[in-house]
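These notes concern the structure reproduced below.
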Amino acid sequence: MNTGQGIVFVCLGNICRSPLAEVVARKEFARHGLDIAVDSCGTGSWHIGEGADPRSVQAAAEAGYNLRPHRARQLDGEDFSRWRWLLAMDRANLRDLRRLAPDHQVERVGLFLEVAGVQPGGDVPDPYYGDIEDFRHMVRLVQQGVAGLVERLRAG
Ligand code: 4NP
């Protein structure tokens with residue numbers, strides 16, 4: 001299946017950052033009448049099938065987003081043909097995506113905050129070894145990023 005304009009957000013574990021970006025984007029895209037499919041995945045395999053990190057669930061809930069239904073999955077080869085954009089949450093995820101892209105076809109691969117026009121070369125820092133404040137910071141950064149994507153998508 002080709003999902004047209006669709007976006008898959010990519011982090012390491014698919015339990016903290018990219019699931020949050022997925023739910024924020026789904027909600028904000030719908031609010032702005034943007035019919036664009038969204039998904040998320042991780043480059044790593046450690047957490048396949050698990051729910052989102054409880055700290056992500058909490059920080060997301062505080063901001064009005066429901067991460068409870070999420071189940072982690074790993075990036076696979078089909079993601080590169082299926083999505084218009086594969087957006088990395090940080091530069092390490094971006095390097096992994098570039099390395100894994102079939103035939104080094106990297107034109108669909110980008111850094112989330114950069115593509116969003118928020119911060120060139122900017123990371124959504126990995127909060128996994130941090131505390132709840134790091135997760136709240138992640139939520140604010142992801143909201144800014146998604147707002148930037150909305151502007152860009154509305155501009156065509
Ligand atoms: P995420 O965070 O990539 O935002 O989901 C992490 C989740 C798990 C691990 C690292 C980062 N881990 O090392 O298991």
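The numbers here are math on the coordinates, done by the rules we state, and not lab data. Please read these numbers as outputs of a predicted model, since none were measured by experiment. Neighbour counts are summed over all protein chains in view; Cβ atoms, including those assigned to glycine, are modelled from backbone coordinates with ideal geometry.
The sum of -39500 (n - 2.57) across all DSSP H runs of n ≥ 4, divided by the residue count of the chain, sets its helix-only mean residue ellipticity at 222 nm to -12500 deg cm²/dmol.
With neighbours defined as other Cβ atoms within 10 Å of a residue's Cβ, the residues 89, 138 order from fewest to most as 138, 89.
Using the empirical formula 2.2 N^0.38 Å as the baseline, the Cα radius of gyration of the chain reaches a ratio of 0.94. The charge dipole of the chain, taken about the Cα centre with unit charges on the Cβ atoms of Lys, Arg (+1) and Asp, Glu (-1), comes to about 300 debye, rounded to the nearest 20. Each principal axis of the Cα cloud of the range 38-85 was taken in turn, and the coordinate range along them, longest first, works out to 35, 24, 14 Å. So which chymotrypsin sites (Phe, Trp or Tyr not before Pro) in the range 59-139 end up in coil per DSSP with only 13 or fewer other C-beta atoms within 10 Å? Those satisfying the criteria are 129. With all pairs of separate Cα atoms included, the range 1-49 yields a Kirkwood hydrodynamic radius of 11.3 Å. Full extension of the chain segment joining residue 107 with residue 71 gains 10.2 nm, where the gain is 0.36 nm per residue of separation less the Cα-Cα distance.
Kindly provide the GluC sites (Glu not before Pro) of the range 23-96 that DSSP labels as loop, not H, G, I, E or B, and whose Cβ sees at most 15 other Cβ atoms within 10 Å. Those satisfying the criteria are 50, 78. Distant-in-sequence amide contacts of residue 74, defined by a placed amide H-H separation under 5 Å and a gap of 5 or more residues or a different chain, comprise 42. Springs join every pair of Cα atoms under 10 Å in this Gaussian network model of the chain, and among 19, 69, 102 the largest mean-square fluctuation is at 69.
What FRET efficiency, computed as 1/(1 + (r/R0)^6) with R0 = 35 Å and r the Cβ-Cβ distance, is obtained for residue 91 and residue 27, rounded to the nearest 0.05? It comes to 0.85. Ordering 36, 15 from the fewest to the most neighbouring beta carbons within 10 Å gives 36, 15.
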